[in-house]
């Protein structure tokens, strides 16, 4: 399992209920890791924006083509909109975690440096936010030697697809 400072998951409806729908904000209790934005500061450099938004309808079977890409400076959140079944595998610091977005509002938030690989097990619309907005040179692929052995085996035997 990855620490809550690297990866946090939940459901936006459930997690936002106590705060009028807000599930990621500066006023969220710090015990909720990446959901609490108090004290987190992105340093925007020339050529960067504040955030990027993406809404994409993934057909069943669609999967990440890269080898566990990660962002060097950007934090990312992906959320299931509507119905679907969307698996994401994460790895960092020799650990890995499998997350399935299966109910509307299910999300994952991951920190810079966390590799990820996704697979749409069913057709799924995914809303993604990346902050800060940085160019594609911010993304790199996780070197094979840094992917945990068990996760490498799943990936190499096409069990992750």
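Taking the centroid of alpha carbons for each part, segment 64-90 and segment 111-135 are 3 Å apart. Determine the distance separating the Cα centre of segment 92-107 from the Cα centre of segment 1-27; give it in Å without decimals. Cα centroid to Cα centroid, the span is 13 Å.
Overall form of segment 76-158: oblate. Here a/c, set by the Cα gyration tensor axes a ≥ b ≥ c, is 1.5 or more, and a/b is not larger than b/c. Each label was represented as a point 7 Å from its Cα along the Cα-to-Cβ direction; for residue 136 and residue 22 these points are 3.6 nm apart. Note on the chain: helix-only mean residue ellipticity at 222 nm, from DSSP H runs of 4+ residues weighted -39500 (n - 2.57) and normalised by residue number, equals -2000 deg cm²/dmol. Taking each residue as 0.36 nm, the span from residue 93 to residue 54 lengthens on full extension beyond its C-alpha to C-alpha distance by 11.3 nm. Pick the calculated mean projected area of the Cα convex hull in nm² for this structure from (i) 12.8; (ii) 10.0; (iii) 9.3? Looking at mean projected area of the Cα convex hull in nm² for this model, the match is (iii). For segment 108-128, the residues whose amide N sits under 17 Å from a probe point set 7 Å from the Cα of residue 14 along the beta carbon direction are 108-109.
Quick note: the coordinates plus some simple rules give every number you see, no bench work behind them. The structure displayed is predicted, hence computed values, not measured ones. Counting neighbours? That spans all protein chains shown, and the Cβs are built from the backbone with ideal geometry, glycine included.
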